Amino acid sequence: MWGALRVIARTVHIISAAAWLGGSLFYALVLGPQLAKDGEYRPLGQAVSRAFGRVIAVAVWALLLSGAYLTFDRLTNTRLAAPYVLVLGLKVLLAIWMFLLTGALGRGR
């Protein structure tokens, strides 16, 4: 049972990270520049932007919840190696930096 829950949590974590990071790149490189232009597709771009924001919000919450579960699951294991803890710390710091960056960019608009 617990093995299946770990697999589900990892799958959700990976898909959420891919949606967040890939979606953010798409927004920054494709949609954002298109929204900056005035034109006939601007209302469509704004609608896509709002929908994208909802998808990213769900992905971020899924990422946080699955990450918290996976961290707790792994840290309660007595066979932890220093490289794992180092990589985990780097991932958490990178995620915090991205949350702050996203918040700052959102307030700038």
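Residues being exposed (fewer than 13 other Cβ atoms within 10 Å of the Cβ), over 12 Å from the mean Cα position of the chain (by Cα) and without any contact (Cβ under 8 Å) to a residue 40 or more places away in the chain are entirely absent from region 56-66.
Only one of the numbered conditions (1) within 16 Å of the chain's Cα centre (by Cα); (2) within 30 Å of Trp2 (Cβ to Cβ); (3) open to solvent by 80 Å² or more (accessible area, probe 1.4 Å) is not met by Trp97, and that is (2).
Out of Ala19, Ala9, one residue alone is surrounded by 11 or more Cβ atoms within 10 Å (Cβ to Cβ) and in contact (Cβ under 8 Å) with a residue 60 or more places away in the chain. It is Ala9. Considering Ala4, Ala51, the condition of being under 17 Å from the mean Cα position of the chain (by Cα) and free of Cβ contacts under 8 Å to residues at least 24 places away in the same chain is satisfied by Ala51 alone. The residue pairs whose first member lies in region 27-44 and is under 20 Å from Val55 (Cβ atoms), whose second member is of a type in the set (Phe, Trp, Tyr) and in a helix (DSSP H, G or I), and whose beta carbons are closer than 8 Å, counting only pairs six or more residues apart or on different chains, are Tyr27/Phe52; Leu31/Phe52.
Just one residue in the set Tyr27, Tyr41 is of a type in the set (Ser, Thr, Tyr), open to solvent by 80 Å² or more (accessible area, probe 1.4 Å) and either modelled with pLDDT under 85 or closer than 26 Å to Ala68 by Cβ (or both); that residue is Tyr41.
Restricting attention to region 73-91, does a residue exist that is surrounded by 10 or more Cβ atoms within 10 Å (Cβ to Cβ) and outside any helix (DSSP H, G or I)? Among the residues of region 73-91, at least one is surrounded by 10 or more Cβ atoms within 10 Å (Cβ to Cβ) and outside any helix (DSSP H, G or I), which makes the answer yes. Pairs meeting the criteria (first residue in region 74-89 and in contact (Cβ under 8 Å) with a residue 12 or more places away in the chain, second residue open to solvent by 70 Å² or more (accessible area, probe 1.4 Å) and among the basic types (Lys, Arg), beta carbons under 9 Å, at least 6 apart or on different chains) are Leu88/Arg74.
The values are calculated or read from the model by the stated rules, or taken from the named source; none is laboratory data. What you see is a predicted model; the values in this text were computed from it and never measured. Using ideal geometry, Cβ is built from the backbone for each residue, glycine included, and neighbour counts are taken over all protein chains shown. Accessible surface areas use protein heavy atoms only, side chains included; no ligands, DNA or RNA. Shrake-Rupley method; radii C 1.70, N 1.55, O 1.52, S 1.80 Å.
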